[in-house]
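Step one of this worksheet: look at the structure below.
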Amino acid sequence: MNKSSSGTNIRLLGVPSVYYSRNTPFPAKGYALLAVLLLVPGNELARQKAAALLWEDVAQTRAMANLRQLLVRVQSRQPEAGPLIETTQTRISLGPGAQSSDLAAFLQSCKATDLEGMMSGIEQFTGELLDGMEFEGEQLNLWLLTERASLREKLFNRAAAALEETTRFGADRGGNIGKIADRLLAFEPDSPECYRIISKAYGRCGDQDGVDRIDRLMNSVLNPALPRVPGNTSSKPSGTVWVAPTGVKPVEERPAPPKPPVPRVAFSSPRHIDQHPDAQLAEAFVEDVANSFSRFKTFVVVSPFSTMRDFRGGNLSNWEKIRSNYSVQSFLLPGSQKISFTVIDDGTGEIIWSAEYSMEPEDLHYTFRLLAKTVAANLAQQIERQMLDSGRSINAQSYLHVLRGQNLIKTCNLSMIRRARKEFRQGLTYDKDLSIARARIAQTMQLEWLLLGGTDPHLLHRAKAEADAAIEIDSTAGIGYWMAAVIALYQRDYTTSEAKFQEAETLSPNSSDLLIQHADALAHFGKPKDAWKRFKHAIDLNPLAPDIYWWAGASIAFKLADYAEAVRLCKQMDDEEPALRVLTASLALDGQIESARQYARRLMDVYPGMTAQEIVRFQPDKNPENNKIFLEGLKLAGFD
């Protein structure tokens, strides 16, 4: 083969290919190994690590033999520039021949400060890293997903810098804006930020037609449901200031009419006669349906943790806390695999609709979508109903494994978390593109990291890769962003965590579980007042909340220096043990020294041999002053 038109011998961005003469095809894992070496710090790997990455499910001896064969095939014919890979007995490193690859050229261009160098790198980026390739090993596939996302971010940063440079003097030097726009939007067509920087570039050149063209394109892609007004070009790029013509008097502002209350919907636990064989599955199914409505803004679903527990117990005194406008009740029909659902207006007692659905395993996800659309048709606005029409179909067996895993993850102990992860992984064997399974695997890894005392950073790295994969698969599902935000918090990446929480909350504005996690994170970010508002909203949606809500609320109250309230919230927990640290410090700082010392002794039993400083170090607080106050409380209680 001849060298490509761009001067590269090897293409790794896009469909991989080589442009120098070879007697045999270039091996697929050879492309992967080259990409890994180009992207890994130092451009070298231990042989053992390379073999484990490429053949993770194979015994080490066999994997090392496979690696030797792969290296022989790669090195059988080298480009004129030199060997692609160089080896020693223990290590593999990048050879000079690999520098003629498009990936190497793009990475080199990321250091360029001149416009020509920037544009050269952008033009090299003709496709995703190893486009069209998938590998058997989970670790290698996760690495690939992570690096693709990282390279797209580098492309965006290069494009933003090139747009600034090309319009530095108020003109589009070399007509580069269109070239950059074409390349950037080919990879990020649904990114508002991409449209914004392109629109601003046209604005800096005074090209109003270009600004309007990009704004129309953005609206057609991101807001296809919005009506078009002929000739309306009111959308302006960020930074554009509109000034009223001289002589035009501003319209007097009038107070906005009060917003009508948002309807609240409560799902009850499925009722059944005797021991129905599908009772446990139906419970998980109804809970999953209820949680799926957290994305809606025109009505809210009270957390099924509160509503399903309350209805099962028949405790009418707690009903006032639920305050629902509509109830969704279900009944497992005896002697069949069918379930009936009824929506009732709680104000009038009127039945709005009632229908029966199949609980056969192969029909379960179809039932989920049909039921969700029926509820939305009665309670949601038209624009939100369309969100449910675009959902992809899910394999029936895969969905069953996800439901079982979500049931297991409620019990927060190591054994149950690992069993749940196994269920989610089994779901992926039937549907490898199931975003929620990836996100839940990330959640199990992050929880396991917490339960093991935060001593295994590898677990957090793997959890981050799973969360990133969930977002890559389905960028419209909030749970992937939610998990990415939690993981970033514990990695002390506060900027990423805050951004991911905002994205998650935009996609699932009424998920009480997400709200409580976001509230907890805001307190760690140093924003306890904002955290307290979200905590109160989460409790409003889940008034009979589980212990983790009260624990998070106590931590927020502690950061507000309301130590008495922190103690009160801890006392609402069924099991105080997870919150012993904040409870002990709060009691001490509230002046209840004797009680604080009693709890300190319990805390010492839970964390034998740990000092107060070691316990405080676990807190992911952005503001170190919070840790000093916490440390002071523990020492007052008697900790060393």
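The values are calculated or read from the model by the stated rules, or taken from the named source; none is laboratory data. Computed from a predicted structure; not experimentally measured. Using ideal geometry, Cβ is built from the backbone for each residue, glycine included, and neighbour counts are taken over all protein chains shown. Please note that ligands, DNA and RNA were not included when accessible areas were found on the heavy atoms of the full protein model with its side chains. Shrake-Rupley method; radii C 1.70, N 1.55, O 1.52, S 1.80 Å.
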Can you spot a residue in the range 76-83 that is open to solvent by 40 Å² or more (accessible area, probe 1.4 Å) and either β-branched (Val, Ile, Thr) or within 29 Å of the chain's Cα centre (by Cα) (or both)? no
Exactly one condition in (1) surrounded by fewer than 16 Cβ atoms within 10 Å (Cβ to Cβ); (2) closer than 15 Å to SER555 by Cα is not met by GLU632; state its number. (2)
Checking the condition in contact with a Lys or Arg (Cβ under 8 Å, 6 or more places away or on another chain) and touching a residue at least 24 places away in the same chain (Cβ under 8 Å), which residue from ALA596, ALA612, ALA600 passes? ALA612
Please report, ordered by residue number, the helices (runs of 4 or more DSSP H) entirely within the range 574-621 with at least 2 residues that are of a type in the set (Ser, Thr, Tyr). 580-589, 593-606
Mind telling me which of the residues ASP574, ASP605, ASP520 ends up being out of contact with any His (no Cβ under 9 Å at 6 or more places or on another chain) and open to solvent by less than 60 Å² (accessible area, probe 1.4 Å)? ASP520
List every residue pair whose Cβ atoms lie under 6 Å apart, where the two residues are 6 or more positions apart in sequence or sit on different chains, the first residue falls within the range 350-363 and is loosely packed, with under 15 Cβ neighbours inside 10 Å, and the second residue, located anywhere, is among the basic types (Lys, Arg). GLU356/LYS338
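Matching residues to (1) crowded, with 22+ Cβ neighbours inside 10 Å; (2) modelled with pLDDT of 90 or more; (3) not small (Gly, Ala, Ser):
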| residue | (1), (2), (3) |
| --- | --- |
| TRP55 | yes, no, yes |
| VAL58 | no, no, yes |
| ARG68 | no, yes, yes |
| VAL72 | no, yes, yes |
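Which residue out of ALA554, ALA504 is modelled with pLDDT of 90 or more, buried (at least 23 other Cβ atoms within 10 Å of the Cβ) and in a helix (DSSP H, G or I)?
Result of the check over ALA554, ALA504: ALA554.
Table: residues versus (1) touching a helix residue (DSSP H, G or I) at 6+ places or on another chain (Cβ under 7 Å); (2) among the aliphatic types (A, V, I, L, M); (3) open to solvent by 60 Å² or more (accessible area, probe 1.4 Å).
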| position | (1), (2), (3) |
| --- | --- |
| ARG404 | yes, no, yes |
| LEU408 | yes, yes, no |
| LYS422 | no, no, yes |
| LEU428 | yes, yes, no |
| ILE436 | yes, yes, no |
| GLU448 | yes, no, no |
| ALA470 | yes, yes, no |
| ARG492 | no, no, yes |
Select from the range 119-141 the residues that are within 24 Å of ASP57 (Cβ to Cβ) and either assigned to a helix (DSSP H, G or I) or basic (Lys, Arg) (or both) and write down the one among them that is modelled with the lowest pLDDT. GLU138
Go through the range 441-473 and give me each residue that's within 17 Å of SER292 (Cβ to Cβ) and without any contact (Cβ under 8 Å) to a residue 40 or more places away in the chain. ALA470
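Does the range 426-435 include one or more residues that are closer than 23 Å to TYR549 by Cβ and part of a helix (DSSP H, G or I)?
no
Give the range 194-207 a look and list any residue that's at pLDDT 85 or above and open to solvent by 10 Å² or more (accessible area, probe 1.4 Å), or say none.
Answer for the range 194-207, where residues must be at pLDDT 85 or above and open to solvent by 10 Å² or more (accessible area, probe 1.4 Å): ARG196, ILE197, LYS200, TYR202.
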Condition check: acidic (Asp, Glu) and either surrounded by 14 or more Cβ atoms within 10 Å (Cβ to Cβ) or closer than 30 Å to ALA52 by Cα (or both). Does GLU116 satisfy that? no
Considering only residues of the range 299-318 that are farther than 18 Å from GLY347 by Cα and not in a helix (DSSP H, G or I), which is modelled with the highest pLDDT? SER303
For the structure I just gave you, tell me whether ALA104 is over 27 Å from ARG158 (Cβ atoms) and of a type in the set (A, V, I, L, M, F, W, C). no
ARG392 vs (1) more than 25 Å from VAL265 (Cα to Cα); (2) buried (at least 17 other Cβ atoms within 10 Å of the Cβ); (3) modelled with pLDDT under 60: all pass except (2)
Just need a number here: residues in the range 261-280 that are surrounded by fewer than 13 Cβ atoms within 10 Å (Cβ to Cβ) and of a type in the set (D, E, K, R). 1
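Taking the conditions exactly as written (of a type in the set (Lys, Arg), more than 30 Å from LEU38 (Cα to Cα) and more than 28 Å from the chain's Cα centre (by Cα)), does LYS200 satisfy them or not? Working first, answer last.
On the way: of a type in the set (Lys, Arg): yes; more than 30 Å from LEU38 (Cα to Cα): yes; more than 28 Å from the chain's Cα centre (by Cα): yes.
Considered against the rule, which asks whether it is of a type in the set (Lys, Arg), more than 30 Å from LEU38 (Cα to Cα) and more than 28 Å from the chain's Cα centre (by Cα), LYS200 comes out as yes.
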Residues satisfying the stated conditions in the range 319-368, i.e. outside any strand (DSSP E or B), small (Gly, Ala, Ser) and modelled with pLDDT of 80 or more: SER324
Options SER415, SER475; residue that is small (Gly, Ala, Ser), part of a loop (DSSP other than H, G, I, E, B) and surrounded by fewer than 19 Cβ atoms within 10 Å (Cβ to Cβ): SER475
Cβ contacts < 6 Å: first residue of a type in the set (A, V, I, L, M, F, W, C), restricted to the range 17-44; second residue open to solvent by 30 Å² or more (accessible area, probe 1.4 Å), any location; separation 6+ or different chain. Result? LEU37/ASN43; LEU39/GLU147
Looking for something charged (D, E, K, R), open to solvent by 20 Å² or more (accessible area, probe 1.4 Å), in contact (Cβ under 8 Å) with a residue 12 or more places away in the chain and touching an Asp or Glu at 6+ places or on another chain (Cβ under 9 Å) - is there at least one such residue anywhere in the range 123-140? yes
Test for LEU53: is it touching a residue at least 60 places away in the same chain (Cβ under 8 Å), under 22 Å from GLU134 (Cα atoms) and under 29 Å from the mean Cα position of the chain (by Cα): yes
